[in-house]
Amino acid sequence: MHRLLTEAGNGIIESLSSERARRLSRRDFLKATGMAGGGLMLAIGLPADGGRGGRLAHAQQATAKAPYPPAAFIRIGTDDSITVLINKLEFGQGVFTSMAMLVAEDLDCDWSKVRAQHAPAAQVYAHPSFGIQMTGGSESISSSWQQYRTIGASARLMLIQAAAKQWGVSTERIDTRSGMVIEIGGQKRRASYGSLAEAAMQLPAPARAGIKADPKDFEIIGKPTRRIDSREKVNGSAEFAIDKKLPGLRVAVVARPPVFGGRMAKLDAEKAKAVKGVVAVLPVQVDRGGIGVAVIADGYWPAKQARDLLTIEWALPIGITTTEQLAQYRQLAQQPGLPARREGDANAVAAAARRIDAEFTFPYLAHAAMEPLNCVVDLQAEKMTVWCGSQFQTVDQVLAATAAGLKQEQVEIVTTFAGGGFGRRANPNADYVVEAVRVAREMKKAGIDAPVKVIWSREDDMKGGYYRPLHVHRVSVGLDDKGMPAGWQHVIVGQSITKGSAFEKYMVKDGVDVTMTEGVVDTPYRLPNMQLSVHHPEVNVPVLWWRSVGHTHTAFVMETLIDEMAAAAKQDPIAYRLALLDSKHLRHRAVLALVREKSGWDKSAPKGYGRGVAVHESFGSVCAHVVEVSVDNKRIRVHRVTSAIDCGTAVNPLTIEAQVQSAMVYGLSAALYGKITLANGRVEQGNFTDYPVVRIDEMPQMSVHIVPSTAAPTGVGEPGTPPIAPAVANAVAAATGKRLRNLPFDLAA
Amino acid sequence: MIELNINGRAMTVDADPSTPLLWALRDDLGLTGTKFGCGIAACGACTVHVDGQPKRACVTPVSSVVGARITTIEAMETDRVGRAVQDAWIRNDVVQCGYCQSGQVMAATALLKDKKNPSDRDIDEAMTGIACRCGTYARIRAAIKDAAKSLG
């Protein structure tokens, strides 16, 4: 997910159908492209014009056209309840609350009456500029800021019109207040939204609806607002896909090939079939052209027990070993690759007074969301219902339809809560959804007429691929005699995330995947004579975006090197950064100033502690962390994290604090522990025992500070991740003098 | 047939005695509030109370809890301490994705039943077994202290 995707429009859905189909069969291809044509709907977006509405106390701003039918997004009950349909996935980031707040602000309703629910998969719910219904790129609020507020404003106008009609007065004589429509003067009549809703929603949506222009008029936006999905999540009643209950529901687990793309060659299922509760054992096509074996049973336990009793001979492709892969990447990094940025003099580093040569390595990382992958499919003759917590609803819809041999409109995707995702549930191949559909199809063929829930064990999930790619960076920095940058040569080696997918044509430019260079190519620092190039080796390990994508590694390289340069220049790390940030980067400067003040940077660090800073821009926001660490017995302990973020208008400060904490913890787990390795194509980790994550006893004291802003909101879910690992590394360097360049950190190495 | 005492009621499950309590709860009894996270007692999402003690249901065979008092997240709203923990969770806006929170609430409730005013170290000991990938730890700690205060 990337801002370049804004060019994509509906092309993603179109190419998804075709790209995917091309890899299937000609028959499927024809079907899919035909479907893509039929599935394409109106391109919808908000015009940039800025007419003014000007009506009553509801101050107007840049009025946007209202092409979104409010009835598709808001349901007003006769009990005055307001249900907002959320076109994103609620997987922790708080969209049920913050997106409902956007509607409520311009609908002028009573917040205590507001509920939220997931929208179904449909083109009307597509991202306003990406053309697919998706959750990612920390875009939920920024992409809904105009859209959801305009929908709220439109619905409000419709309620006013309904009242005007009923009362026989002009709309000019009607205002609203917190869920009530009120007649000004005259008979001073009042009616609740609930009493007018039915009449209102039958009216045509207004062509224009103004949203509040002056942040001073905000009554909900900007107020710390508690989540509206808390009660169900603390009493066990919130429904995740894995919790779905259906009459006759079967549970399947799949034995997948131990090397990606492997195929079952010979199967002995006799013992497995003898397990009580087992219904069938069926070969099934799995991701990347592989063939696995599905065990269908009454429940997860018998299915899992039976799977353990299968004897399978596999035909496997040659598998990679990450230690060898790393050695090859290191070799590659010695020479320039495809150019991504070429500026000034390529020999500047060689001519510089001093230089820093550094190599960095980053492992594959699993997303390891708490809810293991799963998907529920009810396949009927002419229709199919799929329940999953997906970040890519319409992508899944198209690919599920292809896999089932149905049309897109015959597939209903029911979005449930998801127990985390972090990018794993936004798969251009829809791997776990397509596989579940294939299991359902095999069951149908075998005469088993029942819906099925495919559950991945933790090991299945962790070994199942789609990792943050492994990377090597090699950088040579030339410094002048004052320690200021004079030249920069940078080579990055890593698999492209989007090559070969429907996203390639939007995200690969001149052979360079922009999701790998983001954070370097657009560095805010004045770095003269920058030469950046990349290598994209082809490796048989599926890779994917992982919370903050390319920034997971680029921020580390840039922010630890800047720190090292500051040390070489004998300058304060924040002062050095400020010296390299020009007036175009006022947000970076403001974030650094805030984190400096709140962390007590100018006082010395507590005795025995090292202090480090890092700042990084991603997903439109700028975030900085100052951390204090101690190192004891080669063990790094992070005691305190002070964070500052500029994310434009802070829609819900409570959510922003939670997301910055969350992103920090996620990045800290990776920095301290995260590592997926392969030996002969087999993933060596499988559970939280060998892929540890940060627990409560390692949670630092943390404070999050938001730079006040009235600009449009920018990303919040991811920007807290990139700067944490470099801040910790810089703090370790301050404490020990040792520069950490290999992730995860290993002080014993 | 195996008879179990769950949330004060006698319930029967038709399952192999080695079946983990987790799957008896989820697949046989429809009590899906208890979550599957790792299957090896490494994440704590499946935490329930067995005779008042926190237990990982994913590695607890049903045969081992016959005759014991089993309590799940579904019973916490009517439990004085459980309800106080849930309310504190909401006041402190703890949850994010919510998937691990049944386990967090069960572990915190067991802690507060055992210790009225837990120290930070007590909290670490009781809660470190429950992983949260959303990183809700800071608010969990605050909510446990808040719940302790509300219980007096």
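The values are calculated or read from the model by the stated rules, or taken from the named source; none is laboratory data. What you are looking at is a predicted structure, and each value in this text was computed from that prediction instead of being measured. Glycine also receives a Cβ, built like all others from the backbone with ideal geometry; neighbour counts cover every protein chain displayed.
The residues on offer are B:9, B:56, and the sole one that is more than 10 Å from every other protein chain (Cβ to nearest Cβ) and surrounded by fewer than 24 Cβ atoms within 10 Å (Cβ to Cβ) is B:9.
Of all residues in the stretch A:188-208, those that are basic (Lys, Arg) have Cβ atoms under 8 Å from Cβ atoms of residues that are modelled with pLDDT under 95, 6 or more apart or on another chain, in A:208/A:51; A:208/A:53; A:208/A:63; A:208/A:64; A:208/A:65; A:208/A:66. Of A:439, A:376, A:386, all but one fail to be of a type in the set (Val, Ile, Thr), more than 16 Å from the chain's Cα centre (by Cα) and not in a strand (DSSP E or B); the exception is A:439.
Candidates A:129, A:140, A:144: the one that is in contact (Cβ under 8 Å) with a residue 24 or more places away in the chain, farther than 19 Å from residue A:222 by Cβ and touching a Ser or Thr at 6+ places or on another chain (Cβ under 9 Å) is A:129. The residue that is nearest to the other protein chains (Cβ to nearest Cβ), counting only those in the stretch A:362-373 that are over 19 Å from residue B:44 (Cα atoms) and assigned to a loop (DSSP other than H, G, I, E, B), is A:366. On the stretch given as the stretch A:386-415, residues that are within 14 Å of another protein chain (Cβ to nearest Cβ) and over 15 Å from residue A:370 (Cα atoms) total 3.
On inspection, residue B:130 qualifies as within 16 Å of the chain's Cα centre (by Cα), buried (at least 22 other Cβ atoms within 10 Å of the Cβ) and assigned to a loop (DSSP other than H, G, I, E, B). The set of residues in the stretch A:359-373 being within 22 Å of the chain's Cα centre (by Cα) and of a type in the set (Phe, Trp, Tyr) consists of A:362, A:364.
Is the stretch A:706-728 home to any residue that is over 30 Å from residue A:102 (Cβ atoms), in contact with a helix residue (DSSP H, G or I) (Cβ under 7 Å, 6 or more places away or on another chain) and among the hydrophobic types (A, V, I, L, M, F, W, C)? For the stretch A:706-728, residues over 30 Å from residue A:102 (Cβ atoms), in contact with a helix residue (DSSP H, G or I) (Cβ under 7 Å, 6 or more places away or on another chain) and among the hydrophobic types (A, V, I, L, M, F, W, C): present. Can you work out which of the residues in the stretch A:216-236 that are outside any loop (DSSP other than H, G, I, E, B) and assigned by TED's automatic domain parsing to the domain that holds residue A:94 is surrounded by the fewest Cβ atoms within 10 Å (Cβ to Cβ)? Looking at residues that are outside any loop (DSSP other than H, G, I, E, B) and assigned by TED's automatic domain parsing to the domain that holds residue A:94, I get A:216.
Kindly establish whether residue B:27 is surrounded by 24 or more Cβ atoms within 10 Å (Cβ to Cβ), acidic (Asp, Glu) and at pLDDT 95 or above. Yes.
For the stretch A:201-210, filtered to residues that are assigned to a loop (DSSP other than H, G, I, E, B) and within 22 Å of residue A:81 (Cα to Cα), the residue that is nearest to the other protein chains (Cβ to nearest Cβ) is A:205.
State which residue is surrounded by the fewest Cβ atoms within 10 Å (Cβ to Cβ) when the search covers only the stretch A:205-215 and only residues that are small (Gly, Ala, Ser) and in contact with a Ser or Thr (Cβ under 7 Å, 6 or more places away or on another chain).
A:205
Applying a threshold of 7 Å to beta carbon distances and a minimum spacing of six or more residues, or different chains, the list of pairs starting in the stretch A:224-242 at a residue that is at the interface with chain B (Cβ under 7 Å from one of its Cβ atoms) and ending at one that is among the small types (Gly, Ala, Ser) and assigned to a helix (DSSP H, G or I) reads A:236/B:102.
On the basis of being within 8 Å of another protein chain (Cβ to nearest Cβ) and under 23 Å from residue A:688 (Cβ atoms), does residue B:121 make the cut? So residue B:121 fails the test.
To keep it simple, each residue is scored yes or no on (1) closer than 20 Å to residue A:360 by Cα; (2) surrounded by fewer than 23 Cβ atoms within 10 Å (Cβ to Cβ); (3) among the hydroxyl-bearing types (Ser, Thr, Tyr).
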position	(1), (2), (3)
A:493	yes, no, no
A:499	no, yes, no
A:504	no, yes, no
A:509	no, yes, no
A:528	no, yes, no
A:548	yes, no, yes
A:552	yes, no, yes
A:563	yes, no, no
A:573	no, no, no
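Given the criterion in contact with a helix residue (DSSP H, G or I) (Cβ under 9 Å, 6 or more places away or on another chain), of a type outside the set (A, V, I, L, M, F, W, C), modelled with pLDDT of 95 or more and on the phi > 0 side of the Ramachandran plot, identify the matching residue among A:681, A:620.
Result of the check over A:681, A:620: A:620.
Could you count how many residues in the stretch A:669-726 are touching a residue at least 24 places away in the same chain (Cβ under 8 Å), in contact with an Asp or Glu (Cβ under 7 Å, 6 or more places away or on another chain) and within 12 Å of chain B (Cβ to nearest Cβ)? Number satisfying all stated conditions: 3.
Select from the stretch B:15-34 the residues that are at the interface with chain A (Cβ under 9 Å from one of its Cβ atoms) and either over 17 Å from the mean Cα position of the chain (by Cα) or in contact (Cβ under 8 Å) with a residue 60 or more places away in the chain (or both) and list them in ascending order. Result: B:15, B:16, B:18, B:19, B:27, B:28, B:33, B:34. The residue list A:617, A:628 contains one member that is touching a Phe, Trp or Tyr at 6+ places or on another chain (Cβ under 6 Å) and either under 21 Å from residue A:673 (Cα atoms) or buried (at least 18 other Cβ atoms within 10 Å of the Cβ) (or both), which is A:628.
Scanning the stretch B:110-127 for residues that are surrounded by 16 or more Cβ atoms within 10 Å (Cβ to Cβ) and either modelled with pLDDT under 95 or touching a helix residue (DSSP H, G or I) at 6+ places or on another chain (Cβ under 6 Å) (or both) gives B:111, B:112, B:113, B:118, B:123, B:124, B:126, B:127.
A search for C-beta distances below 6 Å between a residue of the stretch B:81-107 that is on the phi > 0 side of the Ramachandran plot and more than 9 Å from chain A (Cβ to nearest Cβ) and any residue that is part of a helix (DSSP H, G or I) and at pLDDT 95 or above, counting only pairs 6+ apart in sequence or on different chains, returns nothing.
Looking at the stretch A:86-142, which of the residues that are surrounded by fewer than 24 Cβ atoms within 10 Å (Cβ to Cβ) and small (Gly, Ala, Ser) is nearest to the chain's Cα centre (by Cα)? Per the criteria, the residue is A:142.
With respect to being acidic (Asp, Glu), in the same structural domain as residue A:291 (by TED's automatic domain parsing) and either assigned to a loop (DSSP other than H, G, I, E, B) or surrounded by fewer than 21 Cβ atoms within 10 Å (Cβ to Cβ) (or both), residue A:449 fits the description.
Within the stretch B:35-48, being at the interface with chain A (Cβ under 9 Å from one of its Cβ atoms) and buried (at least 24 other Cβ atoms within 10 Å of the Cβ) holds for B:35, B:36, B:37, B:38, B:43, B:45.
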